[in-house]
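Participant: To start, I am sharing the structure in question, which I have written as structure tokens.
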Amino acid sequence: MHITAEHVITFIERVAATVKEQRDYLTQLDSAIGDSDHGVNLDRGFTTVLTKLPGVADKDIGAILKTVGTTLVSTVGGASGPLYGTAFLRAGMATGDRFELGPADLIAALEAALEGIQARGKSTRGEKTMIDAIGPGIDALKEANAAGEDLVSAMRIGLAACEAGMQATIPMLATKGRASYLGERSIGHQDPGATSAFLMAKAMLEVAEGIV
Ligand code: ADP
Ligand code: MG
């Protein structure tokens with residue numbers, strides 16, 4: 001199975017719809033350990049992204065992802081804008097001028113995205129951030145792919161690990177971002193960014209399930 005540029009557009013549209021639908025939930029999570037803007041931030045960004053998609057509909061996957069990245073960097077306030085923006089930009093750079101991606105290309109794009117987030121946020125795993133969901137998700141996807149699972153099965157395994165990673169942020173002490181200002185009081189709350197990352201991974205799987 002290959003992922004086409006059209007599938008990537010569908011994925012972005014699905015992320016935008018999910019973010020809108022889950023905006024209040026994400027903001028509610030951010031109100032516990034942040035400043036109550038995560039859902040609003042992402043919704044503003046992806047609503048603008050939707051207006052840019054017609055302009056890249058016939059472009060390669062790298063161009064589509066880079067447009068998403070630059071739009072997020074310039075329209076999403078807060079930490080998550082530059083972080084997700086960098087993730088999409090790096091994924092776009094890794095993808096280049098391809099119109100189709102196989103499993104190895106997808107994994108390489110996701111790894112580039114994760115490296116971009118870590119470089120920009122100076123974060124490592126275990127600090128109660130989005131990378132605590134993204135990192136384990138990519139590891140599991142990669143392992144399942146190497147073990148011979150087809151792409152959709154490997155993505156399902158990846159999503160389960162991503163969800164477990166998201167849930168594992170609840171008992172963590174935040175040492176990066178706004179939540180770190182709370183110190184011990186950040187413990188006991190699910191990280192908003194890990195949650196939005198899981199929702200994006202879920203959207204990715206749903207698109208892949210629709211194309212097999
Ligand atoms: P802000 O914290 O500036 O209000 P958002 O509320 O939009 O921005 O996003 C908060 C999320 O960003 C957190 O839940 C966390 O997952 C993520 N985050 C914050 N700082 C970092 C960082 N340095 N590295 C990785 N992720 C981070
Ligand atoms: Mg916030």
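We did not get these values from a lab; they are worked out from the coordinates using the rules stated. It should be emphasised that the depicted structure is a prediction, and the values quoted were computed from it without experimental measurement. Reconstructed Cβ throughout: ideal geometry from the backbone, glycine too, with neighbour counts over all protein chains shown.
Participant: Using a cut-off of 17 Å between alpha-carbon atoms, which lysines can reach Lys142, once sequence neighbours fewer than 8 places away in the same chain are excluded?
Facilitator: Within reach: Lys202.
Participant: For Phe99, Phe46, what ranking results if the residue with the fewest other Cβ atoms within 10 Å of its Cβ goes first?
Facilitator: Ascending number of Cβ neighbours within 10 Å: Phe99, Phe46.
Participant: How many percent of the alpha carbon pairs in the chain exceed a separation of 33 Å?
Facilitator: 9
Participant: Name the lysines eligible as straight-distance cross-link partners of Lys52: C-alpha to C-alpha under 21 Å, and not fewer than 8 places from it in the same chain.
Facilitator: Lys20, Lys66
Participant: I've got another one for you. Give me the dipole magnitude in Debye, nearest 20, for region 3-211 about the Cα centre, with unit charges on the beta carbon: positive for Lys and Arg, negative for Asp and Glu.
Facilitator: Result for region 3-211 is approximately 620 debye, rounded to the nearest 20.
Participant: While we're on this one: Provide Met172, Met166, Met1 in ascending order of the number of other Cβ atoms located within 10 Å of each residue's Cβ, fewest first.
Facilitator: Met1, Met172, Met166
Participant: Hey, another quick one. Highest first, please rank the peptides 115-128, 67-80 by the mean number of other Cβ atoms sitting within 10 Å of their residues.
Facilitator: Put in order of decreasing packing, that is 67-80, 115-128.
Participant: Still on this model: What number, rounded to the nearest 500 deg cm²/dmol, is the helix-based mean residue ellipticity at 222 nm of the chain, given -39500 (n - 2.57) per DSSP H run of at least four residues and division by all its residues?
Facilitator: The per-residue figure over the chain is -23500 deg cm²/dmol.
Participant: Taking the Cβ of each residue in Ile187, Ile131, Ile157 as the centre, tally the other Cβ atoms inside 10 Å and list the residues starting with the fewest.
Facilitator: Ile187, Ile157, Ile131
Participant: I would also like to ask the following. Please give every one of the lysines within straight-line cross-link reach of Lys122, meaning a C-alpha to C-alpha distance under 17 Å, and leave out same-chain neighbours fewer than 8 residues apart.
Facilitator: The qualifying lysines are Lys176.
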